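What follows is one structure encoded as structure tokens, with my remarks underneath.
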Amino acid sequence: MLDWLIVGGGVHGTHLFLALTQGARQNVAVLDPEAEPLAQFWRCVAACGMGRLRSPAVHHLDLEPWSLVDLAEERAEPSALAPPYGRPSVALFRAHCEGLVAHSGLRDRWIRGRATRIVPGPDRVLVQSTAGPLQARRVALALGMGEQLSIPRWALAAPRSDRLRHLYEPAFDPGRISAGDRVLVVGLGIGGVHLALSCAERAKVTLASRHPLERSWFDSDPGWLGPKNMRGFAAETDWTRRRDQISQARKRGSVPPDLAAALREQIRAGRIERLSVEPERALPGEGGVGVVLGGELRVFEHVVLATGFVQSRPGGALVDELVQRHGLPVAPCGYPIVGPDLAWHPRIACTGALAELELGPTARNISGARKAAVRLVEASLQATG
Ligand SMILES: Cc1cc2nc3c(=O)[nH]c(=O)nc-3n(C[C@H](O)[C@H](O)[C@H](O)COP(=O)(O)OP(=O)(O)OC[C@H]3O[C@@H](n4cnc5c(N)ncnc54)[C@H](O)[C@@H]3O)c2cc1C
């Protein structure tokens, strides 16, 4: 029987696999419908054309803190780490991840399938999946937000069209945007800004959002990475107040100042049109999509929704059943109440978004994956030691 089954092989599941299998001879497998580890993350990165991570060089998937910096030096690519904070290029970060995956044996422990039901028992957990039933002493949920795309109401009401896509839906292919195409990007967060900049050379880009551009190097204050802010968060016993702290701390929709400057430059040069309006309606059009913007009907060859993810509890019916049928505790916001060891049940633990009421505003990020793995390895050693 498996010691651990990690459900989800994205950023969090991959890092947790590396942490659980290092040194200790744990029998760990990862279950994920994707063909490859990290596939969803790479898809999002490629979709928006991001060239550089937002997080610093010490936030990566290896256990050795300086290994990404070492790799940049080895490859004689110091410019692959950009000031401030040594933010890695996507090429460097990807090479680093690929090296880790290749050496870890993760591909041999990868079960391609989707978990459809989780049944906790006294000495094991049964996981029903599209790859068949699986059993493990413990299960870690590393599901991410990637499957709950936020689609604005006006777009939901629009007739289906392959020219109106969410930036992060698997069917969106930026390669289909041709020279001279008119492209409407809706949303001014990091994904929308990256996409607008990456298309501006060849296409006529309009960037629409009611919200002003917010600038920040990080998506939450670095104080949340350590005790400065986390001490007060951990001392808070009211789950609604913890949720409020997370919501206030997150700089949702903000972009790093260098990206904001690049956007400003393109707007000033007339290569990107910036509209401070929300689309009102979308209609089918000849070879494109008609969109009502500020009362005016405009036609675009492509409309891309860079509107992020729905913020409610991830995991859909799989997680709903753990709450409704097995009584696993949740806060008023619907998210799991997990212990300091990230256990939601003696045999089911969480990482990523599902663990954020314990790990705070950085839970979903790479730094959150690192924090979660430390706690889960420690709990695992205590359980087996
Ligand atoms: C474009 C972009 C750039 C980002 N840049 C940064 C950055 O620079 N620094 C940073 O710290 N963070 C960044 N983030 C945020 C964060 O690190 C990523 O979103 C990260 O992918 C979250 O990891 P995850 O493992 O929770 O989710 P994912 O990487 O999405 O992985 C979740 C996995 O779970 C699987 N899954 C879902 N349901 C099931 C099921 N029922 N059964 C089995 N498997 C299932 C999915 O197939 C998927 O592979 C970025 C996010 C985006 C979108």
- Checked the stretch 204-246 for anything within 16 Å of the ligand (Cβ to nearest atom), charged (D, E, K, R) and more than 30 Å from Leu293 (Cα to Cα); matches are Asp221
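Here's the yes/no breakdown for (1) over 30 Å from Val58 (Cβ atoms); (2) at pLDDT below 95; (3) hydrophobic (A, V, I, L, M, F, W, C):
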{"residue": "Arg75", "(1), (2), (3)": "no, yes, no"}
{"residue": "Pro78", "(1), (2), (3)": "no, yes, no"}
{"residue": "Ile111", "(1), (2), (3)": "yes, no, yes"}
{"residue": "Arg114", "(1), (2), (3)": "yes, no, no"}
{"residue": "Leu134", "(1), (2), (3)": "yes, no, yes"}
{"residue": "Leu143", "(1), (2), (3)": "no, no, yes"}
{"residue": "Leu156", "(1), (2), (3)": "yes, no, yes"}
{"residue": "Arg165", "(1), (2), (3)": "yes, no, no"}
{"residue": "Gly180", "(1), (2), (3)": "yes, no, no"}
- Query: Can you tell which of Arg182, Arg165, Arg137, Arg153 is open to solvent by 30 Å² or more (accessible area, probe 1.4 Å), in contact (Cβ under 8 Å) with a residue 24 or more places away in the chain and under 24 Å from the mean Cα position of the chain (by Cα)?
  - Reply: Arg165
- From Val90, Val119, grab the single residue that is surrounded by 13 or more Cβ atoms within 10 Å (Cβ to Cβ), modelled with pLDDT of 95 or more, aliphatic (A, V, I, L, M) and closer than 30 Å to Ile348 by Cα. Val119
- Of the numbered conditions (1) part of a loop (DSSP other than H, G, I, E, B); (2) closer than 30 Å to Tyr85 by Cα; (3) modelled with pLDDT of 95 or more; (4) not aliphatic (A, V, I, L, M), Asp244 fails exactly one; give the number of that condition. (1)
- If you take the residues of the stretch 307-336 that are under 20 Å from Pro122 (Cα atoms), of a type in the set (A, V, I, L, M, F, W, C) and touching a residue at least 60 places away in the same chain (Cβ under 8 Å), which of them is surrounded by the fewest Cβ atoms within 10 Å (Cβ to Cβ)? Leu318
- Item | All positions within the stretch 138-182 that are charged (D, E, K, R) and more than 11 Å from the ligand (Cβ to nearest atom) | Arg138, Arg153, Arg160, Asp162, Arg163, Arg165, Glu169, Asp173, Arg176, Asp181, Arg182
- Taking Ala72, is it more than 11 Å from the ligand (Cβ to nearest atom), more than 20 Å from Asp219 (Cβ to Cβ) and crowded, with 20+ Cβ neighbours inside 10 Å? yes
- Unique residue being among the acidic types (Asp, Glu) and within 12 Å of the ligand (Cβ to nearest atom) when the list is Asp32, Asp62, Asp123: Asp32
- Only one of (1) within 9 Å of the ligand (Cβ to nearest atom); (2) open to solvent by less than 30 Å² (accessible area, probe 1.4 Å); (3) aromatic (Phe, Trp, Tyr) fails for Phe17. Which number is that? (1)
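Quick one: which of Glu98, Glu147 is closer than 18 Å to Ala46 by Cα and free of Cβ contacts under 8 Å to residues at least 12 places away in the same chain?
Answer to the selection: Glu98.
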- Selection count, the stretch 230-240, where residues are assigned to a helix (DSSP H, G or I), open to solvent by 40 Å² or more (accessible area, probe 1.4 Å) and farther than 17 Å from Leu354 by Cα: 3
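Just give me the residues in the stretch 247-264 being charged (D, E, K, R), assigned to a helix (DSSP H, G or I) and closer than 20 Å to Arg210 by Cα, in sequence order.
Passing the criteria: only Arg264.
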- Message: Out of everything in the stretch 31-62 that is small (Gly, Ala, Ser) and under 14 Å from the mean Cα position of the chain (by Cα), what residue ends up being most open to solvent (accessible area, probe 1.4 Å)?
- Response: Ala46
- Item | Condition check for Gly223: open to solvent by 40 Å² or more (accessible area, probe 1.4 Å) and in a helix (DSSP H, G or I) | no
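The values are calculated or read from the model by the stated rules, or taken from the named source; none is laboratory data. All values reported here derive from a predicted model rather than from experimental measurement. Every residue, glycine as well, gets a Cβ built from its backbone with ideal geometry; the counts of neighbours run over all protein chains shown. Please note that ligands, DNA and RNA were not included when accessible areas were found on the heavy atoms of the full protein model with its side chains. Shrake-Rupley method; radii C 1.70, N 1.55, O 1.52, S 1.80 Å.
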